[in-house]
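Here is the structure we will look at.
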Amino acid sequence: MGRDEMTNLQSSRLRTTVARVYHNVPFYRTKMQEIGIEPGDVRGIEDIEKLPFTTKQDLRDTYPFGLAALPNSEFVRIHASSGTTGKPTAIPHSRKDLEMFSECVARALCCAGVTKDDTVQVSYGYGLFTGGLGAHDGATKLGATVIPASGGNTRNQITLLKDFGSTVLACTPSYALFIAEAVAEAGIDPATLPLRIGEFGAEPWSAEMRAKIEEGLGIKAYDIYGLSEVMGPGISNSCVVQDGLHIAEDHFLPEILDTETLKPVAAGRQGELVFTHLTKEAMPLLRYRTRDISSLNYALCDCGRTNVRMSKVVGRSDDMLIIRGVNVFPSQIESVLLEIPEAKPYYMIVVDREGILDTLEVQVEIDERFFSDEIARIDVVRGKLKHALDNALRISVKVTLVEHKTIQRTEGKAKRVIDKRKL
Amino acid sequence: MIIKQLSVFLENATGHFLGISTCLGKAGVNISALSLAETAEYGIARMIVDDEKKGAEALREAGYNVNLADVIGMNIPDAPGALSEVLAKLAAGGVNVSYIYGYSSEGSANLVLKVGDPEEACKLLK
C-alpha cells in the first residue's frame, strides 16, 4: 500500500474512532471538551497532536472498564496487563477486536517467515497475559500447528521440541536463552532439532542477545512487539531484513515523541512510542503512552512491505536508571556482557547510594571455561568486564562475580534491576 | 609428580563451602588436601581428592563452576631449608610459582605447587 493510500485509510479510521470515544467514553469527552476540541476538528492524522494522551495511570484510575466504548455484554474476552510496574489493568476485547488481534499476530508470524506448514510451540504464559493466547490465536489463524506449551517446565519444553518437531518457538527472549542453556546441558546438538524460527517479545532485548539465542538454538530469532493495553503481541514484527519491526499501522497509528516535551521528535530520532487505536471497538485508546523508547523509519524495506518500521525497543522510559546524572538502560549493560565470552548472559543490576553518591553494581556469573584456580586470572576477567562496562556507560561500575546459577533464570519477564536507593 | 587439582568458585559468604564439602561427601569423594584462597567477595577452594572426575561431575551437577588444573604434588624432608632447595631449582629454571600449600607430619612434608609449566618443573625437580 502506498503512503498516501495508508494516510487516507488511517485518517478515515481515526475520524471514526475519535467520534466513537467522544460519544461513548465520558473520560475522553471531558478531556476533549477541556482542550476545546470536537470530533469534527480532527480531519485526518495530521491533527493527531490535538488529541489528549492516555497513560497507564488513566487505565488504573478508571479500572476496570471506565474507558470501554461498548457495553460489557459485547466483551468476549478480558485480558489484564502483567503488572510489571504496579497493579494490573483490565483490557476488554470485542469479537471483532479478537479477530483483529489474531489477524495482526498471523501477519507478524508471516513477517518472520512462518507458514501454515510450521509447528509453533507457544511457550509464553497462558492466562491474563496476552502473550500465550495472542500467539496461540495468531498461529491458529495462519493455519500452523499450535502446541500450547505455556511457560515453565523446561525439560518438558525440550521434549516437545524434539518429539513434536516444533519449527517455531514463541516465548520471552530471556526464557529462550534459558531453554538454549538447558538444551546444551542436556547434550543436545541444536542442529538436530527441527526448530528454525524464534518469535520473541514482551521485554526489551539486545541484538547481542539475539545472536546468542540464534547460536544456542540454531535458529533465526525475530522480534515480536506488543503490549496488553494496546492489544498484545503482533503490533509489530521484524522481517527477514532484520532492520526494524513493521507496525500494523492500519490498526495502530504510531508516533514518536520527545519524553520531556511530548512533541514529535525529528524524523528518525528516538523517543517515546505512542499509539492511537484505529479499529479497536471495546476499549479504543487515544495516544496511549507506551513508555517504550524507539524510533520510526518510513523508508521502504527490502522485504517489500510498505508499512512503517519501528526500531527494536532500546528500553522503557521508566526502566531508565539515572545514576550520578547519567542515563543508563539495563539493555546497555546486557549488550556489553553478551559481547564478552568470559561472562554468562545472566546478570543483576544493583543500584545503591553511599552517602550522596549513587553506586552501580553488576553481578554476573563467570563462564566456566574462564574459571581459573588462580585469583590473578579471575581478577583479569573482572577487570575486563569492568573496563568494558565503564566505557560503555561512562560511569564507574562495580563488577561482582557470583557463583554459577545464582542469578535467577526466568520463564517469564526477567527482573534485572534492584534499586536500593531511598530517594 | 603431576596431579590433578579440583578448584571451585565460591562467594565469600556463610555456609558456601559447606555446600561443596557436603556435595563431595555425598558423592563419596574424599578430600586429601585443601586450600581456600579468599578475596573480599569471592574465594576459590582448591582441593586434591581421590577421584577428581567423580568430584567434578558431582559439583557441576550441583551447579558449581569447576576447574581441573595440573599441579605438582611432592614429598620433601621435614627439615629447615628443604623448601628453599625446591624453590631454588624452579627459580633457576625460570619456572614461576603461582601458589603453594602444604603441611608436615611424621618427619616429612607434603607440598602442592601451582607452577607456570608443570612438565618443565618436574624435570627441574628430578
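Read the figures in this text as sums done on the coordinates, not as results from a lab. All values reported here derive from a predicted model rather than from experimental measurement. No Cβ is skipped: glycine too gets one built from the backbone with ideal geometry, and neighbour counts run over all protein chains shown.
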Quiz item: In the range A:221-322, what chymotrypsin sites (Phe, Trp or Tyr not before Pro) fall in a loop by DSSP, with at most 16 other Cβ atoms inside 10 Å?
Solution: A:Y298
Quiz item: Which of A:T167, A:G218, A:F101 sits closest to the plus end of the dipole of the range A:93-316, meaning its Cα is farthest towards the positive end, when Lys and Arg get +1 and Asp and Glu get -1 on the C-beta?
Solution: A:F101
Quiz item: Can you run phi through the Karplus equation (6.51, -1.76, 1.60; θ = phi - 60°) for the range A:335-341 and list ³J(HN,Hα) in whole Hz, with x for Gly and Pro?
Solution: 4, 5, 5, 6, 8, 10, x
Self-check item: Exercise: per-residue mean of other protein chain Cβ atoms within 10 Å, A:399-407
Solution: 5
Quiz item: For the range A:307-350 and the range A:148-202, what is the separation of their C-alpha centers, rounded to whole Å?
Solution: 24 Å
Self-check item: Amide proton proximity set for B:E11, modelled H, under 5 Å, gap of 5+
Solution: A:E403, B:G43
Quiz item: Amide H to amide H under 5 Å from A:R353: which residues, 5+ apart in sequence or cross-chain, H placed 1.01 Å off N in plane?
Solution: A:T359
Quiz prompt | Rounded to the nearest 20 debye, dipole of the range A:321-419 from Cβ charges on Lys, Arg, Asp, Glu | solution = 260 debye
Quiz item: Can you list the HN-Hα couplings for the range A:229-239, worked out from phi with the Karplus curve (6.51, -1.76, 1.60; θ = phi - 60°), rounded to whole Hz and with x for Gly and Pro?
Solution: 4, 8, 5, x, x, x, 5, 8, 8, 6, 10
Self-check item: Estimated [θ] at 222 nm from DSSP helical runs (n ≥ 4, -39500 (n - 2.57)) normalised by residues in the protein assembly as shown, nearest 500
Solution: -9500 deg cm²/dmol
Self-check item: Sorted by Cβ neighbour density within 10 Å, fewest at the top, the residues B:C23, A:C104
Solution: B:C23, A:C104
Practice problem: Rounded to the nearest 0.05, what FRET efficiency do A:M1 and B:E41 give with R0 = 60 Å and r taken as the Cβ-Cβ distance? Could you check? | Solution: 0.55
Quiz item: With point charges of +1 on the Cβ of Lys and Arg and -1 on the Cβ of Asp and Glu, referenced to the Cα centre of the range B:22-78, which listed residue (B:L34, B:A58, B:M47) lies farthest in the positive direction of the dipole?
Solution: B:A58
Quiz item: Between the range B:57-126 and the range A:208-238, how many Å separate their Cα centres?
Solution: 52 Å
Exercise. Quote the charge dipole size of the range A:251-342 about the Cα centre in Debye, to the nearest 20; the model charges only the Cβ of Lys and Arg (+1) and of Asp and Glu (-1).
Key: 340 debye
Self-check item: Whole-Hz couplings from phi, Karplus 6.51/-1.76/1.60, listed for the range A:313-318; x for Gly and Pro
Solution: 5, 7, x, 10, 4, 8
Self-check item: chain A, relative contact order in percent, only Cα pairs under 8 angstrom and at least six apart counted
Solution: 14 percent
Quiz item: What nm distance separates the two modelled labels at A:T115 and A:R394, each placed 7 Å from Cα along Cα→Cβ?
Solution: 4.9 nm
Quiz item: Under 5 Å between amide H atoms, partner at least 5 residues away or on a different chain: which partners does A:V76 have, H built in plane at 1.01 Å?
Solution: A:H93, A:S94, A:R95
Quiz prompt | Three-way shape label, the range A:223-275, alpha-carbon gyration tensor, a/c 1.5 | solution = oblate
Quiz prompt | 19 Å Cα-Cα threshold exceeded, pairs from A:K212/A:K386; A:K96/A:K280; A:K344/A:K398; A:K398/B:K114; A:K96/A:K141; A:K56/A:K141 | solution = A:K212/A:K386; A:K398/B:K114; A:K56/A:K141
Quiz prompt | Dipole in debye (nearest 20) - the protein assembly as shown, about Cα centre, beta carbon charges: Lys, Arg +1; Asp, Glu -1 | solution = 1020 debye
Practice problem: Would you mind ranking A:I224, B:I72 so that the residue whose beta carbon has the fewest other beta carbons within 10 Å leads the list? | Solution: B:I72, A:I224
Quiz item: How many partner chain Cβ atoms sit within 10 Å of a residue's Cβ in peptide A:361-373, on average, as a whole number?
Solution: 4
